[in-house]
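One structure below.
The values are calculated or read from the model by the stated rules, or taken from the named source; none is laboratory data. Computed from a predicted structure; not experimentally measured. As a convention, Cβ positions derive from the backbone with ideal geometry for all residues, glycine included, and neighbour counts pool all protein chains shown.
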Amino acid sequence: MDTVTYKEPAPIVDRENPFESMMERFDVAAELLELERGVYEYLKTPVKQVVVSIPIQMDNGEIEVFEGYRVIHNDALGPSKGGIRYAPDITIDEIKALAAWMTWKCSIANIPFGGAKGGVKCDPTKLTQVELEKITRRFTANMLDVFGPDKDIPAPDMNTNEQVMAWIMDTYSMHTRRTENAVVTGKPLIIGGSLGRREATGRGVMVSTFAAMAKKGLNPKQSTCAVQGFGNVGSVSAKLLSEQGLKVVAVSDVSGGYFNKKGINVNAAIEWIQKHRTLEGSGIGDPISNEDLLELEVDVLVPAAKEDQITGKNAGKIKAKIIVEGANGPTTAKADPILDKNGILVVPDILANSGGVTVSYFEWVQDRQGFFWTLDRVNRRLERMMTDAFNNVFQTAERYKVSMRLGAYILAIDKVAKTLKVRGIYA
Ligand code: NAD
């Protein structure tokens, strides 16, 4: 078989770029799988890249032209799925990498979706609500041939929210002359959103944490945890973990970290943040730095803030037995071997935070059924799928004698590659 011949792997450098870290891990997994060269090339290349111009009449009467992107990395497993972000500095390369990330995440979560990502280059802080709506509607109209409930299904991402999804759904529906709520997920409940979606990523983190603790023989009722980041993912993870008996001794946000040996009152922290935006002044614990939080003597560490937090510099100082990556890309490729060597079990982002996309899939299923599930049903199905995904990744890692991160990539790539082979190449 004509397999890829790889050069001696170059020493991994801390490039502070989560996408490059992802591609490095992809290459290692591809090598372990002995992927054929053609399949390797196919999986590295997006199947579609669309760039559109978005001319808008601004509130002051002037015309401005924005640029919008949608990249479908792969659609072998089904319609592509991925968020839309609005940011002034996005590039097509970043969107391409994020789209690939979605392909692997959907594959691991075992949902019948491929991966995509999109965005508009704009600064939402400088736009009025009317301008934001115009940009969203024109972007959607220009993407009419790309989006579709059977083709490509957007979702919220950085600087986009339920309202933006509602505009996308409405614009698409106006053009197709029927209400088509399955064209986007992350919608408001009233137009076909799903119960449980807001908490889904944190709930998935909670399920992954307990599955990892069981593998390490740790009793949650006698264990401690620190959570970095107290936004959607961090606060819900902290809440659910503490409800299940784990003692959350530290949390943090942009204002810094807070440590309390007796356990943080997570509900009080959530109430505080709803009124004050950050944890500063909440009195929930003694102040510590975000860096110190990562190095605390705890059983479980949940980085749930941003990328590049655990690097070659601090990985050796981490004392947690388990790291559950709520954020995307919190650990650099250079930190991986250090954590491995120290016997730390890392539940990788593409598995640990896949609860969000799993409930997005549930939203799409419910929209297409026209039948909406109870919160209890959503949560039970999410917990079952997350547990299955965790076990599949764990077993793959054991079979190949690699970390869970590499196990996750191997599982994801293998499934897409096998699907491609059985479908064959149309020509
Ligand atoms: P968010 O904006 O709701 O919260 C981010 C939190 O991180 C805030 O509490 C913020 O104060 C804190 N923060 C920012 N910079 C920090 C720093 N330097 N140190 C410590 N804390 C800092 O975002 P979110 O939706 O919770 O997403 C967090 C991470 O999880 C991101 O990497 C995101 O890509 C990833 N993620 C989110 C979802 C989801 O469903 N929301 C799904 C998958 C992955």
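Within region 272-298, if we keep just the residues that are buried (at least 22 other Cβ atoms within 10 Å of the Cβ) and under 19 Å from Ile322 (Cβ atoms), the residue that is nearest to the ligand (Cβ to nearest atom) turns out to be Leu293. May I ask you to list the residues in region 76-91 that are within 24 Å of Asp150 (Cα to Cα) and surrounded by fewer than 19 Cβ atoms within 10 Å (Cβ to Cβ)? Passing the criteria: only Gly78.
Can you say whether Arg381 is modelled with pLDDT of 95 or more, more than 18 Å from the chain's Cα centre (by Cα) and farther than 19 Å from Lys105 by Cβ, as far as the supplied structure shows? Show your work before the answer.
Details: modelled with pLDDT of 95 or more: yes; more than 18 Å from the chain's Cα centre (by Cα): yes; farther than 19 Å from Lys105 by Cβ: no.
So Arg381 fails the test.
Here Val393 clears all of (1) within 16 Å of the ligand (Cβ to nearest atom); (2) touching a Pro at 6+ places or on another chain (Cβ under 9 Å) except the condition numbered (1).
For region 83-114, taking the residues that are of a type in the set (Ser, Thr, Tyr) and at pLDDT 95 or above, the one that is farthest from Met158 (Cα to Cα) is identified as Ser107. Have a look at Val205, Val236, Val227 and point out the one that is free of Cβ contacts under 8 Å to residues at least 40 places away in the same chain, within 26 Å of Gly329 (Cβ to Cβ) and either within 11 Å of the ligand (Cβ to nearest atom) or not in a helix (DSSP H, G or I) (or both). Checking each option against the conditions leaves just Val236. Can you name the residue in region 307-341 that is touching a Gly at 6+ places or on another chain (Cβ under 7 Å) and of a type outside the set (Asp, Glu) and, of all such residues, is surrounded by the most Cβ atoms within 10 Å (Cβ to Cβ)? Per the stated criteria, the residue is Gly326.
Tell me, yes or no, whether region 409-422 has at least one residue that is in contact (Cβ under 8 Å) with a residue 24 or more places away in the chain, not in a helix (DSSP H, G or I) and not basic (Lys, Arg). No - not one qualifying residue is present in region 409-422.
Only one of the numbered conditions (1) at pLDDT 95 or above; (2) surrounded by 14 or more Cβ atoms within 10 Å (Cβ to Cβ) is not met by Leu43, and that is (1). Does Asp388 fit the bill of being of a type in the set (Asp, Glu), under 19 Å from the mean Cα position of the chain (by Cα) and either at pLDDT 95 or above or assigned to a helix (DSSP H, G or I) (or both)? In short, yes. Within region 239-256, the set of residues being within 16 Å of the ligand (Cβ to nearest atom) and in contact with a Pro (Cβ under 7 Å, 6 or more places away or on another chain) comprises Gly256 only.
Here is a yes/no grid of residues against (1) touching a helix residue (DSSP H, G or I) at 6+ places or on another chain (Cβ under 9 Å); (2) on the phi > 0 side of the Ramachandran plot:
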| position | (1), (2) |
| --- | --- |
| Gly283 | yes, yes |
| Asp292 | no, no |
| Glu295 | yes, no |
| Ala304 | yes, no |
| Glu307 | yes, no |
| Ala315 | yes, no |
| Val324 | yes, no |
